[in-house]
Amino acid sequence: MDLGCVEGRLVCFFNGAICEDTLQIVPIGFQSLLDKINKSKEAMNSNSNTDNDEGMVSVKDIDAVNEMYFDLENPNSLIYAFFSSLIKCPIDLRKKVVQRIIFVGGGVEGISQFEQRFVQCVKGLFELDSDADASGDGDGRTLYRVKDDGHRRFSSLANVVMKAPLGVLYPLQFRPSCVSWVGGSIMGSIKLSDEKWINRSEQQSS
């Protein structure tokens, strides 16, 4: 998951191959979140201190954060995009995918404890299926279901998310906001004489 200033992008990949059908692009960039918060504060004519570090979003701004990132009722939210991407992922790869979620981009560092909050939100969608014919006595037959029938479209993800279990690779070897720079540095040092690239200027001229 890449959380940039303008938008967020999610895609599943396995063994270096990208599952193109799982690509989700959502308009929830970190800058748009800050703009929303600032507009709300201006509308409220609030002159109180916010405990925010510069460029950081605190718990006092949790409503705006939840709406844009963790509100499953919002089809443009990050959490909705995550489930939409995962459900398009091949069934036999879903377990591997949910065990190795990677967050990159400046937006990750801009929201306090973002990874932990994301995991809590995802798991909060599901509960033990008390109606299922499973005792849950440690034999691996425990089953899960969605809590709200309004989220039935994601019911097939309940067991893989809760039993895989869901996990975030954190902390990374480098800061999430530096991933693109690290990648660019590596690409620049590799000799790719056989590769052909199309840049924006060439596309416009053609």
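Some values worked out for this structure:
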item: Test: residue in the range 181-199 that is at pLDDT 90 or above, in a helix (DSSP H, G or I) and surrounded by 11 or more Cβ atoms within 10 Å (Cβ to Cβ); result: no
item: Residue check for D71: under 22 Å from Q116 (Cα atoms) and either modelled with pLDDT under 75 or exposed (fewer than 12 other Cβ atoms within 10 Å of the Cβ) (or both); result: no
item: Residue in the range 89-143 that is modelled with the highest pLDDT, counting only those that are surrounded by 13 or more Cβ atoms within 10 Å (Cβ to Cβ) and of a type in the set (S, T, Y); result: T142
item: The range 7-42, subset among the hydrophobic types (A, V, I, L, M, F, W, C) and farther than 29 Å from Q99 by Cβ, residue modelled with the lowest pLDDT; result: I37
item: Residues of the range 80-97 that turn out to be touching a helix residue (DSSP H, G or I) at 6+ places or on another chain (Cβ under 9 Å), of a type in the set (D, E, K, R) and without any contact (Cβ under 8 Å) to a residue 24 or more places away in the chain, as a count; result: 0
item: Pairs with Cβ under 6 Å, 6+ apart, first in the range 65-78 and without any contact (Cβ under 8 Å) to a residue 12 or more places away in the chain, second crowded, with 16+ Cβ neighbours inside 10 Å; result: D71/S77
item: Those residues of the range 74-88 which are β-branched (V, I, T) and surrounded by fewer than 19 Cβ atoms within 10 Å (Cβ to Cβ), in sequence order; result: I87
item: Count of the range 3-25 residues which are surrounded by 19 or more Cβ atoms within 10 Å (Cβ to Cβ) and closer than 17 Å to I111 by Cα; result: 2
item: Output for the range 1-33, where each listed residue is over 15 Å from the mean Cα position of the chain (by Cα), without any contact (Cβ under 8 Å) to a residue 12 or more places away in the chain and part of a strand (DSSP E or B); result: A17, I18, E20
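The values are calculated or read from the model by the stated rules, or taken from the named source; none is laboratory data. As the structure is a computational prediction, the values presented were derived from the model and not from experiment. Backbone-built Cβ (ideal geometry, glycine too); neighbour counts: all protein chains shown.
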